[in-house]
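K.L.:
Have a look at the structure that comes next, please.
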Amino acid sequence: MRNFFRRFDRAVWSLALTQLITTAGFSLALPFLSLYLFRDRGLSMSAVGTIMLLAGLVGALGEFLGGDLSDRLGRKPVLLGAILFRIFAFLGLAFLVFREGTIWNIALMYMAVRLSGGLAIPPVLALVADLTVGKRVEGYGLLRVGVNVGWALGPALGGYLAARFPYASLFLFGATAAFLTFLLVLFWVPKPRIRAMAAATRGTFTAFKDPDFLCFLGASILVFLVAGQLVSTLSVFTVAKVGISKAQFSGLLTLNGLLVVVFQYPLARAVQGWPRRAGLALGALLYSLGYLSFGWIRSFPLMLVAITIVTVGEVLFTPVAQAVAADLAPEKHRGRYLGAFGLVESFGWFSGAFLGGVLLDWAPNPQVLWGAIASLGFLATLVFGIFPKGLHRALQEKTPGALHEENRRPRS
């Protein structure tokens with residue numbers, strides 16, 4: 001156990017803990033906002049859905065902006081600024097809900113919370129990349145464990161608190177959680193020892209001018225389109241079409257979360273030495289096979305098997321993809337590359353949910369529905385598998401630090 005904790009710098013553990021606390025603070029209050037707007041404020045579900053969609057888009061744009069700012073101003077200052085912004089946004093939501101402010105003021109403040117979250121993600125990912133040269137897949141796996149533990153704790157804690165305190169007070173707990181993460185970052189996360197970023201004051205769209213990175217993003221978005229089915233298309237299909245209960249569908253999501261928490265880090269460590277494209281291709285393949293099977297299975301036990309396959313694909317693909325995004329990035333533009341990756345990931349999830357909804361309305365049978373969705377992942381598997389060797393060392397080297405070590409060699 002001592003050796004396990006020594007594998008990472010204290011700052012990496014601090015960042016994983018901040019992700020746990022941040023996610024728990026967000027999920028203890030915000031999942032109930034839709035219910036509050038619909039039941040207590042009389043908003044239609046169409047209007048609620050529009051607010052949630054716009055907030056998601058704002059969060060995605062926040063990731064792109066956060067990546068650019070973290071290269072211009074530094075990882076730690078941007079992260080601290082994003083957390084401070086989050087604290088005030090939570091306090092604003094608490095005040096507006098307590099005073100029954102206008103719906104659109106509440107919506108705008110919720111978008112501010114989502115924007116703050118988006119701003120914080122690229123500097124966190126860039127810091128982990130800076131601090132885990134040689135074991136980035138493991139580092140990102142550890143980060144994902146923190147996120148998923150937070151998602152598991154937050155709604156349960158929020159339900160407990162909501163039964164004992166007014167709904168507005170939940171946002172005060174969210175602000176408190178954000179303040180704790182501010183202290184963790186302030187005192188336990190040092191500035192990364194990277195080269196001066198004076199050259200990074202220009203080039204906001206640098207990541208989108210890199211042909212290697214665009215090729216990687218193009219293949220990755222196909223996987224994100226498949227991944228976006230988890231809480232949209234899958235829920236409607238399994239409950240409304242197949243006929244399992246809502247409790248059983250919740251069981252599928254619970255199993256997904258538990259498997260990520262238990263197996264994310266061990267699997268990330270296991271694939272650390274693999275060539276990057278092997279992890280990407282296998283993750284995309286399992287994602288697709290898992291969703292494809294829903295076209296034929298009708299029993300809940302088999303659905304548990306299918307969601308297990310999907311989850312294994314998730315825990316393989318996500319940390320490897322994040323590591324590749326970091327490896328492909330020049331050091332002075334790492335925040336921008338990770339911000340661009342986050343923007344594309346979010347866009348893929350939203351678009352995947354929309355695509356699944358359209359197919360659910362028009363597909364003549366389940367095999368066509370899930371076959372069409374899975375075909376995107378199979379195409380991504382093919383693209384990752386045939387990436388040319390010259391595309392980029394990050395997709396070929398077994399040691400993720402090789403690129404950086406090569407850059408550090410003295411030139412003759």
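K.L.:
Is it the case that Gly257 is open to solvent by less than 10 Å² (accessible area, probe 1.4 Å) and within 25 Å of Arg136 (Cβ to Cβ)?
P.N.:
Working: open to solvent by less than 10 Å² (accessible area, probe 1.4 Å): no; within 25 Å of Arg136 (Cβ to Cβ): yes.
No, not satisfied.
One line per residue, one yes/no per condition, for (1) closer than 17 Å to Leu37 by Cα; (2) touching a residue at least 60 places away in the same chain (Cβ under 8 Å); (3) among the hydrophobic types (A, V, I, L, M, F, W, C):
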{"residue": "Val113", "(1), (2), (3)": "yes, yes, yes"}
{"residue": "Pro123", "(1), (2), (3)": "no, yes, no"}
{"residue": "Ala126", "(1), (2), (3)": "no, yes, yes"}
{"residue": "Asp130", "(1), (2), (3)": "no, yes, no"}
{"residue": "Gly141", "(1), (2), (3)": "no, yes, no"}
{"residue": "Ala152", "(1), (2), (3)": "no, yes, yes"}
{"residue": "Tyr160", "(1), (2), (3)": "no, no, no"}
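K.L.:
Filter the stretch 341-396 for residues that are open to solvent by 50 Å² or more (accessible area, probe 1.4 Å), touching a Leu at 6+ places or on another chain (Cβ under 7 Å) and either at pLDDT 95 or above or within 19 Å of Asp212 (Cβ to Cβ) (or both) and give the result.
P.N.:
Listed by number, the residues that qualify are Leu379, Arg393.
K.L.:
Output the residues belonging to the stretch 22-48 that are surrounded by 21 or more Cβ atoms within 10 Å (Cβ to Cβ), under 21 Å from the mean Cα position of the chain (by Cα), in a helix (DSSP H, G or I) and not polar (S, T, N, Q).
P.N.:
Of everything in the stretch 22-48, those that are surrounded by 21 or more Cβ atoms within 10 Å (Cβ to Cβ), under 21 Å from the mean Cα position of the chain (by Cα), in a helix (DSSP H, G or I) and not polar (S, T, N, Q) turn out to be Ala24, Gly25, Phe26, Leu30, Leu33.
K.L.:
Sticking with this one: Of the residues that make up the stretch 37-45, is at least one aliphatic (A, V, I, L, M), within 29 Å of Val128 (Cα to Cα) and in contact with a helix residue (DSSP H, G or I) (Cβ under 7 Å, 6 or more places away or on another chain)? Talk me through it step by step, then tell me what you get.
P.N.:
Restricting attention to the stretch 37-45, the residues satisfying the condition of being aliphatic (A, V, I, L, M) are 37, 43, 45.
This time we only want the ones that are within 29 Å of Val128 (Cα to Cα), so: none.
The answer is no; no qualifying residue exists.
K.L.:
Of all residues in the stretch 282-299, how many are surrounded by fewer than 24 Cβ atoms within 10 Å (Cβ to Cβ) and polar (S, T, N, Q)?
P.N.:
Going through the stretch 282-299 one residue at a time, the tally reaches 2.
K.L.:
Output the number of residues of the stretch 249-275 satisfying the condition of being over 19 Å from Ala156 (Cβ atoms), more than 20 Å from the chain's Cα centre (by Cα), in a helix (DSSP H, G or I) and not hydrophobic (A, V, I, L, M, F, W, C). Walk me through it before giving the result.
P.N.:
Looking only at the stretch 249-275, we keep the residues that are over 19 Å from Ala156 (Cβ atoms), and these are 263-275.
Subsequent filtering for residues that are more than 20 Å from the chain's Cα centre (by Cα) retains 270, 273-275.
After this cut, where a residue has to be in a helix (DSSP H, G or I) as well, the list is 270.
Add one more test, that the residue is not hydrophobic (A, V, I, L, M, F, W, C), and what stays is none.
Residues flagged as over 19 Å from Ala156 (Cβ atoms), more than 20 Å from the chain's Cα centre (by Cα), in a helix (DSSP H, G or I) and not hydrophobic (A, V, I, L, M, F, W, C) within the stretch 249-275 amount to 0.
K.L.:
Looking at Leu186, Leu170, which one is part of a helix (DSSP H, G or I), surrounded by 19 or more Cβ atoms within 10 Å (Cβ to Cβ) and modelled with pLDDT of 90 or more? Explain how you work it out, then say what you get.
P.N.:
On the way: Leu186 fails: surrounded by 19 or more Cβ atoms within 10 Å (Cβ to Cβ).
Only one candidate passes the filter, namely Leu170.
K.L.:
Right, here's the next one. If I go through the stretch 189-211 residue by residue, how many of them are open to solvent by 60 Å² or more (accessible area, probe 1.4 Å), modelled with pLDDT of 60 or more and aliphatic (A, V, I, L, M)?
P.N.:
Number of matching residues: 0.
K.L.:
Here's another thing I want to ask about it. Within the bounds of the stretch 300-314, is there any residue that is open to solvent by less than 30 Å² (accessible area, probe 1.4 Å), free of Cβ contacts under 8 Å to residues at least 24 places away in the same chain and in a helix (DSSP H, G or I)? Spell out the reasoning first.
P.N.:
From the stretch 300-314, those open to solvent by less than 30 Å² (accessible area, probe 1.4 Å) are 303, 306-307, 310-311, 313-314; that's our starting set.
Imposing the further condition that a residue be free of Cβ contacts under 8 Å to residues at least 24 places away in the same chain reduces the set to 306.
Now narrow it down to the ones that are in a helix (DSSP H, G or I): 306.
Yes, the stretch 300-314 has at least one match.
K.L.:
Any chance the stretch 319-328 includes a residue that's of a type in the set (Val, Ile, Thr) and touching a Ser or Thr at 6+ places or on another chain (Cβ under 9 Å)? Talk me through it step by step, then tell me what you get.
P.N.:
Step one: of the stretch 319-328, the residues of a type in the set (Val, Ile, Thr) are 320, 324.
Narrowing further to those that are touching a Ser or Thr at 6+ places or on another chain (Cβ under 9 Å): 324.
For the stretch 319-328, residues of a type in the set (Val, Ile, Thr) and touching a Ser or Thr at 6+ places or on another chain (Cβ under 9 Å): present.
K.L.:
Looking only at the stretch 333-370, which residues are free of Cβ contacts under 8 Å to residues at least 24 places away in the same chain and touching a helix residue (DSSP H, G or I) at 6+ places or on another chain (Cβ under 7 Å)?
P.N.:
Ala363 - this is the single residue of the stretch 333-370 that is free of Cβ contacts under 8 Å to residues at least 24 places away in the same chain and touching a helix residue (DSSP H, G or I) at 6+ places or on another chain (Cβ under 7 Å).
K.L.:
Just to be sure, is Leu91 in a helix (DSSP H, G or I), open to solvent by 50 Å² or more (accessible area, probe 1.4 Å), within 12 Å of Ala112 (Cα to Cα) and among the hydrophobic types (A, V, I, L, M, F, W, C)?
P.N.:
Details: in a helix (DSSP H, G or I): yes; open to solvent by 50 Å² or more (accessible area, probe 1.4 Å): yes; within 12 Å of Ala112 (Cα to Cα): yes; among the hydrophobic types (A, V, I, L, M, F, W, C): yes.
Yes, satisfied.
The values are calculated or read from the model by the stated rules, or taken from the named source; none is laboratory data. Quantities reported herein were computed from a predicted structural model and do not represent experimental measurements. Using ideal geometry, Cβ is built from the backbone for each residue, glycine included, and neighbour counts are taken over all protein chains shown. For the accessible areas, the whole protein counts, side chains as well, though only heavy atoms, and no ligand, DNA or RNA atoms are used. Shrake-Rupley method; radii C 1.70, N 1.55, O 1.52, S 1.80 Å.
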